[in-house]
Ligand code: AMP
């Protein structure tokens, strides 16, 4: 399928051509025609599949047609869980809409209110927002949704995870009932189903095959770790590899992310932290530096790195494993994007076995075990003896970990 057969307008096609895209990705070829036909959609697709363009292109097509209703509020609203993701969607709107006249803006936390108030007081075509800040404006009576035509929920599962369920429902309740709604999510569970039932009308469903699909280009490795010191040694060995041109190191806590980034920087590495306690400006600066190649190692927490789209990330290192399996998939999806290959390395200590098992069940395979010469784990042997006799269940788990 080609982009021209999708019946997008000439300015949009021209912008796509300038991006160098030769054909739509699977999610795009499935979602765009349905969205253009005005259908509500539930699309299960992860980052890296081209999902952003799958909703931004139909949104732009809509904006190219004069509005049917008068008013000043946005015609399209995209809700995203994090500021980073919102910024990426805004970038995509600018990129794909570069040959159109569009008024768009972002309503995000961590930035002053006054500019956002100005945006909301003018006729605006498209607004990208995080739920928390948009609710603030809504409660102050500053948002007019009377001419909203299209609502997009991006990474809806993450919005629920982050506790935005009520906010999303309050926001949608303030929009016209005859709007079109597109829901994008990486995962599907009962909470999503409840949300979808409330918000969508006779939705069409698209699932981009299996969880592994986007992971095909990523080589996943597991290193068994004895303790934090062992993890630190392995990290230093790995980052000495010059093939690692850009890496994201994931840490479970903001404090550890800060500490590790500081430590690496002191040792002369181009390293920075990225976490939720940093101001929006500081987060943007860190991401820009990485994009430009001025930062090689970004030590990040899950929330801050959600949706992060920096091209050329060669490695993702999980210093700690995330507690839930979806976060693992999101983390490693920062590398191997848009067809490039990538390596995802996870350090797993004895106390992380439960998380590991959840992840392996979720991705449907066990992570290949690797060792670094001279830094072999010691604890496997010790643990084996200490767990002897603990029952086959526990024994089996420990065995699985050492494999
Ligand atoms: P996303 O899943 O939206 O985060 O997109 C992943 C990456 O794929 C982004 O860097 C896009 O620029 C890129 N991309 C989107 N659509 C296409 C396409 N049709 N062909 C090639 N790359 C694309």
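The values are calculated or read from the model by the stated rules, or taken from the named source; none is laboratory data. Because the structure is a prediction, the values reported are computed rather than measured. Cβ placement follows ideal geometry from the backbone for every residue including glycine, while neighbour counts extend to all protein chains displayed.
The table for this structure:
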quantity: Considering residues of region 237-253 that are touching a residue at least 12 places away in the same chain (Cβ under 8 Å) and surrounded by fewer than 19 Cβ atoms within 10 Å (Cβ to Cβ) only, the residue nearest to residue 323 (Cα to Cα); calculated: 252
quantity: Residues within region 115-144 that are out of contact with any strand residue (DSSP E or B) (no Cβ under 7 Å at 6 or more places or on another chain), part of a loop (DSSP other than H, G, I, E, B) and buried (at least 20 other Cβ atoms within 10 Å of the Cβ), tallied; calculated: 2
quantity: Within region 169-190, tally of residues that are surrounded by fewer than 16 Cβ atoms within 10 Å (Cβ to Cβ) and out of contact with any helix residue (DSSP H, G or I) (no Cβ under 8 Å at 6 or more places or on another chain); calculated: 5
quantity: Answer from 66, 112, 74 - the residue that is surrounded by fewer than 22 Cβ atoms within 10 Å (Cβ to Cβ), more than 16 Å from the ligand (Cβ to nearest atom) and over 30 Å from residue 275 (Cα atoms); calculated: 66
quantity: Residue in region 45-60 that is more than 9 Å from the ligand (Cβ to nearest atom), in contact with a helix residue (DSSP H, G or I) (Cβ under 9 Å, 6 or more places away or on another chain), assigned to a loop (DSSP other than H, G, I, E, B) and in the same structural domain as residue 125 (by TED's automatic domain parsing) present; calculated: no
quantity: Selection count where residues are within 10 Å of the ligand (Cβ to nearest atom) and either crowded, with 16+ Cβ neighbours inside 10 Å or within 23 Å of residue 185 (Cβ to Cβ) (or both), scope region 22-37; calculated: 6
quantity: Filter result for the condition that a residue is surrounded by fewer than 15 Cβ atoms within 10 Å (Cβ to Cβ), assigned by TED's automatic domain parsing to the domain that holds residue 268 and over 23 Å from residue 320 (Cβ atoms), over 193, 166, 216; calculated: 216
quantity: Candidates 37, 92 - the one that is in contact (Cβ under 8 Å) with a residue 40 or more places away in the chain and farther than 23 Å from residue 135 by Cα; calculated: 92
